[in-house]
1. If each of TRP190 and ALA284 carries a label point 7 Å out from its Cα toward its Cβ, how far apart are those two points in nm?
2. Within 10 Å of each candidate Cβ there may be at most 13 other Cβ atoms; applying that plus a DSSP loop requirement, which chymotrypsin sites (Phe, Trp or Tyr not before Pro) in region 184-213 survive?
3. Within region 183-268, report the trypsin sites (Lys or Arg not before Pro) that DSSP leaves as loop and that have at most 13 other Cβ atoms within 10 Å.
4. Name the long-range amide H neighbours of LYS13: under 5 Å, sequence gap of 5 or more, or other chain; modelled H, no Pro or chain starts.
5. Which pairs break 20 Å Cα to Cα here: LYS206/LYS237; LYS206/LYS288; LYS144/LYS176; LYS144/LYS237; LYS20/LYS288?
6. Tell me which GluC sites (Glu not before Pro) from region 182-288 have a DSSP coil assignment and no more than 11 other beta carbons within 10 Å of their own.
7. Can you list the lysines whose alpha carbon sits under 17 Å from that of LYS4, skipping same-chain ones fewer than 8 residues off?
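All of the numbers you see were taken from the coordinates with simple rules; none came from a lab. Please read these numbers as outputs of a predicted model, since none were measured by experiment. Cβ: placed from backbone, ideal geometry, glycine included. Neighbour counts: every protein chain shown.
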Amino acid sequence: MSEKLINLRYGGKCHSCQTKLETGTPAWWNQEVKQVTCADCHSRSNHGSDRPLKVEALARQDSGSATELTIRGVGVGEPGGSARAQFERLHLQREQRIEATWGRYLAPMVKRLSDDPQSTRAWASGASGEQWVGGNLEKLLGNKALLLHDRSVPGTRGNIDHIAIASSGVWVIDAKNYDGRVELRDVGGWFRTDKRLYIGGRDRTKLIDGLDWQVAAVERCVADPEVRVRPILCLVKGWGRRQKPFEIGGTYVTWSAELAGWIAEQGPLNFDTIERVRARLARALPAK
């Protein structure tokens, strides 16, 4: 990454808003262009949920015509935005603890010789995975689907990484960025089937179970039995060259390029239904 969250060793100005930044102020430093950005401007630039939703040339199925919509006041969300924000908070808290313990002279050396704990780095890795999946879906789907990213679910502390609304239906997508080979194992023995998801040799089947509440939340918002809501676990890494997607308990496990093909398939939903469902979901599940 070219940007890094630091406590400024020297005073300066935010290159975006020109606000004066005092020594010790937490801010983002871009090594490549030698620019500093205040936390507020960086947050608005990378995680802003209030940017307008622009739906480009989504074809109407009934007439074959193309329509461009611009809906103000409803954000599409930023892929990985809340995970990235959580990493930044934890990273900054750690640096502040180091400064309080070691003082202004020794703290920079301690920072250089140490790293964030794995629990903190996991937030950055998760954010990168969500950004990759969200960006890839946007590029591959183009005008064939409407996407919502990083949606909060009122009454819970969780979020939904991505929701795709298309002619084929509504897709609830959980993106994960784990290291290690992806495997489908049947550990049920001779007389029963027990499919399990393994990643890097570890049983990760609980990731499948974690989609149940997300699908239930989306179904409540859609409130239309004719609109099919499907759960997808999208894994960024770990796929073999000849490996195929697989299904566990009604949830498909796949990668973003394969998933985009499924979403883009022709289905029962027309243009008006797609837009109605998107608007309902965007209001009920706001961007984080």
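1. 4.9
2. Passing sites in region 184-213 are TRP190, PHE191.
3. Passing both the DSSP loop test and the Cβ count: ARG192, ARG241, ARG242.
4. The list, which skips near neighbours in sequence, is LEU21.
5. Listed pairs above 20 Å: LYS206/LYS288; LYS144/LYS176; LYS144/LYS237; LYS20/LYS288.
6. Of the GluC sites (Glu not before Pro), the ones in loops of region 182-288 whose Cβ has at most 11 other Cβ atoms within 10 Å are GLU226, GLU265.
7. Counting by Cα, and skipping residues close in sequence, LYS4 has these lysines nearby: LYS13, LYS34, LYS111.
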